[in-house]
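Let me begin by presenting the structure, written as structure tokens, before commenting on it.
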Amino acid sequence: MLNRLVSSSGLSKIMFLLIVNVIYLILGMLMETVPIIILTAPIFFPVASMLGVVPIHFGIITVVNLAFGLFTPPFGTCVFMANTYSKQPVMSIVKNCRMFYVFGLLAILLITYVEPLTMWIVG
């Protein structure tokens, strides 16, 4: 049903991947990784396959987005773990990670939209 909706709406592969990235980034900030995959993979994967996204590439996009969500506020698990071990305030940790966030987003865009590079790394 969702496949028909996407095909009739004329949604391109690039726009679909952008939407998936945004959804995964938002969900990754709010939930744990495994429940997100269990809830969204049956919805997104058939549409991605229909649009011609290589399954391994889609899996890499999913994992990288959700891993990025582990250290982004407001509920980034890794930020709170760093807070526990370093005894630094959470805001100080987030402030010191600003450039990491910028380069992380750039890496997500590169992984998503330069498929030959991603698939070459996978080998």
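Only the coordinates and a few stated rules stand behind these numbers; no lab work does. Just so it is clear, the model here is predicted, and its values are computed rather than measured. Backbone-built Cβ (ideal geometry, glycine too); neighbour counts: all protein chains shown.
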Relative contact order in percent for segment 2-122 (Cα pairs under 8 Å, 6+ apart) equals 27
Placing each pseudo-label 7 Å from Cα in the direction of the beta carbon, I19 and F80 end up separated by a distance in nanometres of 3.2
Among the DSSP H helices of the chain, those whose Cα atoms extend at least 20 Å along the helix axis and whose mean Kyte-Doolittle hydropathy is -1.0 or higher are 13-30, 33-50, 55-69, 98-113
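With r defined as the distance between the Cβ atoms of V90 and I26 and R0 fixed at 22 Å, what FRET efficiency is calculated, to the nearest 0.05? Display every interim value, and only then the final one.
Details: r = 20 Å, r/R0 = 0.89.
Plugging the Cβ-Cβ distance into 1/(1 + (r/R0)^6) gives 0.65.
How would you rank K95, K13, going from fewest to most other Cβ atoms within 10 Å of each one's own Cβ? Write down the numbers at each step before the final one.
Numbers: K95 10, K13 14.
The most exposed by this proxy come first: K95, K13.
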